[in-house]
Amino acid sequence: MLWSLVKIVLFVLIVAGLAYGGMVLMDMDGGAQIAFGSVEISLTPLKAVLALIALVVAIYVALKLLGLLVAVLKFLLGDETAISRYFDRNREKKGIEAVTDGLMALASGDGRQALAKAAKAEKYLQKPELTNLLKAQAAMMNGDKLTAERAFKQLVADERTRFVGVQGIMKQKLEEGDTDTALKLAEKAFALKPKHEETQDILLRLQAEKGDWSAARGTLSAKLKHGAIPRDVHKRRDAVLALSQAKGVFEKGASIEAREAAIEANKKSPDLIPAAVMASDEYVAEGKGRQAARVLKKAWEAQPHPDLAAAFARIEPKETPEQRLKRFSALTKVHPEDPETKMLLAELYIAAEDFPAARRALGDLAEINPTARSLTILAAIERGEGSDDVVVRGWLTRALTAPRGPQWVCDKCQTIHAQWAPVCENCGGFDTLSWRKPTHSEVAMPAGTEMLPMIVGAVPEIEEVETVEEEVIDRPSMVDVTPPESEEKAKVEN
Ligand SMILES: [Zn+2]
C-alpha cells in the first residue's frame, strides 16, 4: 500500500522533472553544430538531446542487426541452425532471467511473483523440469494446491524429475492427512532413491504407524546399509520393531512366530522392558523358568520396573510368600537403593505378613519420594501393624493426591502412555517412550484429583472415607502377592 503510494509520487516527480527539463531546453540559446564536410547542421538544445537519444537507439539497433547479419552469414556458410540459434538465444536469455527472478521471489517469500515469473519462464524456455519445479514451489507457497499438484504430476512424467515429483505429491498427501496414499508414494520414492534419508524416515514412520512391522524392519535395514544410522541405534530400533511384530503375531494367535520374534527382540536389546517381559513369558510357557529369570534379571540390571517384577512372579505362580521372597532376592539385590526395589521388597514382606521388615525395606521412601504407590504401601504396613485407623486413612488420603511416580513418557512430546508402545500415540515419534517421572506430573492425574483433599476433608462421615480406603488397599499390587490359599478364590472370581 505504502509502496504503491511511493511509486505514484515518484512517477509524478519524474514526469514533472522531464517537463521542466524540456521547457528549460526550449528556452535555451545556442546549441550544437555538426559538420559533415561542407554540410553544417546547427541544432537547438532540445533537438540536440533528441538527436543523442536517437543515436543511442540507432547504435543498439545496429548492434542487434550486426548480430543477425553474422548469424545470416554463418547460415550462408553452411551453419544451418545459426539463425534459429540467434533467436533462441534471445528467448533463452529472457527465460533464464524469468527463472532467476522467480527464484529470487521464492527466496523472499513472494509466491505470487514467483508464480508469474514461472509462467513467463515456461513461455520462453523449453525446460519443463526447471519451470515446473519453480511453478510447483511457487504454487505451494501461495497455497494453490491444485496448481502445485499439477506441476508435480508433470515432474513425475519426466524420468529425471520423477523423484522430486513423487516426493512433492507425497508431502502434499501427508499434509492432507491421507497417509494411505502417502505411504504408497513413499514406497515409490524409496524405490527411486533408496539412499535418500528423508524418504527413509517418512516411509519408516508411515509403516510403523500402519503397524506393518516387517516392512518397517526392511526400511530400517536399508537405512543401516546406506549408513544413515549407527549400528547400535539400528539394533535397538530393530528390537522395538521385532517386539511390535511379536505383539501383532501374538494377537493373531500364531504363538511360535511370536515367541521367536519376542526372544529375538530381547536378544537385540536386553534392556527393552516389554521385550524382556514377553520373552520371559514365552520361556515360562515352554517350561524354561531358568532362562526366563535370566532374561528378566538382565533387564532389571538395566532398569528396575514393576512389569519385570510381575513377570518374575509369573515364573513360579504357586510358591508361598516366603519362597517368593527368597527367589526374588535375585532381583532385589541388584539395585538395593532404587525406589522400585524398595517398594517391591516391601510388598513382598507385606504378602509374607512381616510388617516390620516391610517398613525397613521401604525406609524413608514415602517421605523423600512420596508417590501413590509408596504411600499406599506405607498405609498397608500401618494397617498390618495394627495402627489407628486415623493414621492409615491419613496415608491413604495423601496417596490419592500424590504423583504416580515413573510412567511411560514420550521424550519428544511428554505425553504419558498407560502402556509401552513403539510409536507415540500423540506425536507419532518412533521409540520415544522412556520409563521416568513425567515433567509435568499433573497431566497423569485424572481430572479433578487436585480437588480431592478439599472434598475428602469436607466429608464428615467415616463411611465415605472407609470405602476409599478399602478400594486402595484391595487394589491388586504390582506383583501378584496373593497368598497361595486365596489364589483359588481369585481364580474363581476371574
Ligand atoms: Zn510423543
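Table for the structure above
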| quantity | calculated |
| --- | --- |
| Residues satisfying the stated conditions in the range 309-329, i.e. within 25 Å of THR371 (Cβ to Cβ) and part of a helix (DSSP H, G or I) | ALA309, ALA310, ALA311, PHE312, ALA313, ARG314, PRO321, ARG324, LEU325, SER329 |
| Positions within the range 372-407 being under 35 Å from the mean Cα position of the chain (by Cα) and either more than 21 Å from PRO438 (Cα to Cα) or basic (Lys, Arg) (or both), in sequence order | ARG373, ARG404 |
| Condition met for ARG162 (assigned to a helix (DSSP H, G or I), surrounded by fewer than 20 Cβ atoms within 10 Å (Cβ to Cβ) and under 29 Å from the mean Cα position of the chain (by Cα)) | yes |
| Residue among LEU146, LEU76 that is closer than 29 Å to LYS188 by Cα and among the hydrophobic types (A, V, I, L, M, F, W, C) | LEU146 |
| Some residue of the range 79-97 being buried (at least 21 other Cβ atoms within 10 Å of the Cβ) and either on the phi > 0 side of the Ramachandran plot or in contact with a helix residue (DSSP H, G or I) (Cβ under 8 Å, 6 or more places away or on another chain) (or both) | yes |
| Filtered residue count, the range 421-432, keeping only those that are more than 18 Å from LEU220 (Cβ to Cβ) and either outside any loop (DSSP other than H, G, I, E, B) or more than 7 Å from the ligand (Cβ to nearest atom) (or both) | 1 |
| Residue in the range 388-411 that is among the acidic types (Asp, Glu), at positive phi and within 16 Å of the ligand (Cβ to nearest atom) present | no |
| Exclusive hit being of a type outside the set (Lys, Arg) and within 30 Å of GLU286 (Cα to Cα), set GLU337, GLU347 | GLU347 |
| Residues being surrounded by 17 or more Cβ atoms within 10 Å (Cβ to Cβ) and free of Cβ contacts under 8 Å to residues at least 24 places away in the same chain - total across the range 123-139 | 1 |
| Per-region count, the range 210-252, residues among the β-branched types (Val, Ile, Thr) and touching a helix residue (DSSP H, G or I) at 6+ places or on another chain (Cβ under 7 Å) | 3 |
| Only listed residue being in contact with a helix residue (DSSP H, G or I) (Cβ under 8 Å, 6 or more places away or on another chain), away from the ligand (no atom under 16 Å from the Cβ), modelled with pLDDT of 85 or more and closer than 26 Å to ASP271 by Cβ, chosen from ARG373, ARG359 | ARG373 |
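Residues checked against (1) assigned to a helix (DSSP H, G or I); (2) more than 27 Å from ILE315 (Cα to Cα); (3) touching a residue at least 12 places away in the same chain (Cβ under 8 Å); (4) of a type in the set (A, V, I, L, M):
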{"position": "ILE202", "(1), (2), (3), (4)": "yes, yes, yes, yes"}
{"position": "ALA215", "(1), (2), (3), (4)": "yes, yes, no, yes"}
{"position": "LYS235", "(1), (2), (3), (4)": "yes, yes, yes, no"}
{"position": "LEU243", "(1), (2), (3), (4)": "yes, no, yes, yes"}
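The values are calculated or read from the model by the stated rules, or taken from the named source; none is laboratory data. Source: prediction; values computed, not measured. Every residue, glycine as well, gets a Cβ built from its backbone with ideal geometry; the counts of neighbours run over all protein chains shown.
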